[in-house]
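The values are calculated or read from the model by the stated rules, or taken from the named source; none is laboratory data. If you're wondering where the values come from, they're calculated on a predicted model, not measured in any experiment. We place every Cβ from the backbone using ideal geometry, glycine too, and count neighbours over all the protein chains shown. Side chains are part of the model used for accessible areas, which takes the heavy atoms of the whole protein and leaves out ligands, DNA and RNA. Shrake-Rupley method; radii C 1.70, N 1.55, O 1.52, S 1.80 Å.
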Amino acid sequence: MTTTPTPDAVPNAALDTLVELPPSPKPSMRKMTQPQWRRQLRYVYLRFLRLQGTPEQLARGLASGVFSGCFPLFGFQIIIGVAVATVLRGNRIMAAAATWVSNPFTYVPIFAFNYQVGLWLIGGNATEAFQDLDSLKGWMDMGTEVSVRLMLGSTVVGLVAGVLSYFGGLPLIRRVRGSKTGPKGQRAR
């Protein structure tokens, strides 16, 4: 017959194994000093500062992306923006990023406005395109009329928005790039 030892007879080391200690909190891998979104925003900002090219090249890339972002060609906007930036000798990364001027939150207002501009340039009434929808020919005519008005409006709005973004973005890019330079044009550390 075996007897169980009393707590007085058990050494301290063995007693520690018998008593269950509460788990210690796990130390975090990194100390969170800023919210995650602020860190990501700072990362994007620093990446912007490190983009290669002159302010003029970056502004041409911005204008190319805004121009192509005004078209309702989902999936091709980035390709068009990069192609236009290549032709204009602009920054292609900036062009690809600037196409996000049209995103799921802004599609409807931008394209409705583009359609209205095309309607104003061609003339006519918006309800004319949606009159004869009883036949296949009516649907085909409506598609052609709406598409022509939308593409014409997108071209005009894209040209105006691209020019405005170039002349608005150029001083902003120069200012942001200039604020990070130290005395005599050297980069600050």
Condition (residue is modelled with pLDDT of 80 or more and aromatic (Phe, Trp, Tyr)) applied to segment 75-84: is it met by at least one residue?
yes
With respect to residue 103, determine if the residue is open to solvent by less than 40 Å² (accessible area, probe 1.4 Å) and either farther than 27 Å from residue 173 by Cβ or modelled with pLDDT under 90 (or both).
yes
Inside segment 133-167, can you point out the residues that are open to solvent by less than 70 Å² (accessible area, probe 1.4 Å), farther than 13 Å from residue 113 by Cα and at pLDDT 95 or above?
162, 165, 166
Scan of segment 106-132 for residues that are open to solvent by 30 Å² or more (accessible area, probe 1.4 Å), at pLDDT 85 or above and among the β-branched types (Val, Ile, Thr), ordered by number:
106, 108, 110, 122
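For segment 62-84, give me the residue count where each residue is in a helix (DSSP H, G or I) and of a type in the set (Phe, Trp, Tyr). Full working, then the answer.
From segment 62-84, those in a helix (DSSP H, G or I) are 62-69, 77-84; that's our starting set.
Filter once more, keeping what is of a type in the set (Phe, Trp, Tyr): 67.
Result for segment 62-84: 1.
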